[in-house]
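Trainee: I'd like to ask you about the structure that follows.
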Amino acid sequence: MIRFTIPGDPVGYLRLTQGQLKLLHIPDHKLRPAGLRKKSEILRCFAYKNDVVQYSTGKGIDRKPKRKTHMKTMIYFRSGVRPDAENVHKLISDSLFLNDKNLSGTFDFDYDARNPRVEVEIYD
């Protein structure tokens with residue numbers, strides 16, 4: 001079994017269109033407020049994906065599992081203003097696994113105002 005914790009406020013999965021990805025190449029001063037908000041949301045999602053990979057590095061995770069693998073995610077939010085728990089689980093699985101067709105999993109959530117985090121367990 002592999003266990004690790006991702007500290008900080010959890011971020012949910014963000015489905016992106018090609019047009020939204022183009023926002024990343026436009027200088028901030030040329031964007032309207034809505035474009036700036038979307039760009040910062042995209043950058044926040046990418047940064048969280050990098051955090052997930054960083055905290056899981058060296059744990060021996062098979063990024064292309066060939067047999068059934070189970071991932072349990074326990075999400076602790078700071079408050080009721082939060083992303084959907086299923087989207088947090090999806091973002092973490094997409095960050096960790098290149099091919100998730102053999103991945104099953106469960107997730108649950110709770111609140112911890114002093115220590116928001118995500119605890120991940122991966123096992124066969």
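Trainee: Name the residue, out of Leu103, Leu98, Leu23, that is at pLDDT below 95, farther than 18 Å from Tyr123 by Cβ, in contact with a helix residue (DSSP H, G or I) (Cβ under 7 Å, 6 or more places away or on another chain) and not aromatic (Phe, Trp, Tyr).
Mentor: Leu23
Trainee: Helices (runs of 4 or more DSSP H) wholly in region 16-124 with at least 3 residues that are within 19 Å of Arg3 (Cα to Cα) - which ones?
Mentor: 33-56, 85-96
Trainee: Then there's this: Could you list all residues from region 47-71 that are buried (at least 20 other Cβ atoms within 10 Å of the Cβ) and within 9 Å of the chain's Cα centre (by Cα)?
Mentor: Tyr48, Val52
Trainee: Which of the residues that make up region 72-99 are free of Cβ contacts under 8 Å to residues at least 24 places away in the same chain and more than 14 Å from the chain's Cα centre (by Cα)?
Mentor: Across region 72-99, the qualifying residue is only Val81.
The values are calculated or read from the model by the stated rules, or taken from the named source; none is laboratory data. Small disclaimer: the values here were computed from a predicted structure and weren't measured. Counting neighbours? That spans all protein chains shown, and the Cβs are built from the backbone with ideal geometry, glycine included.
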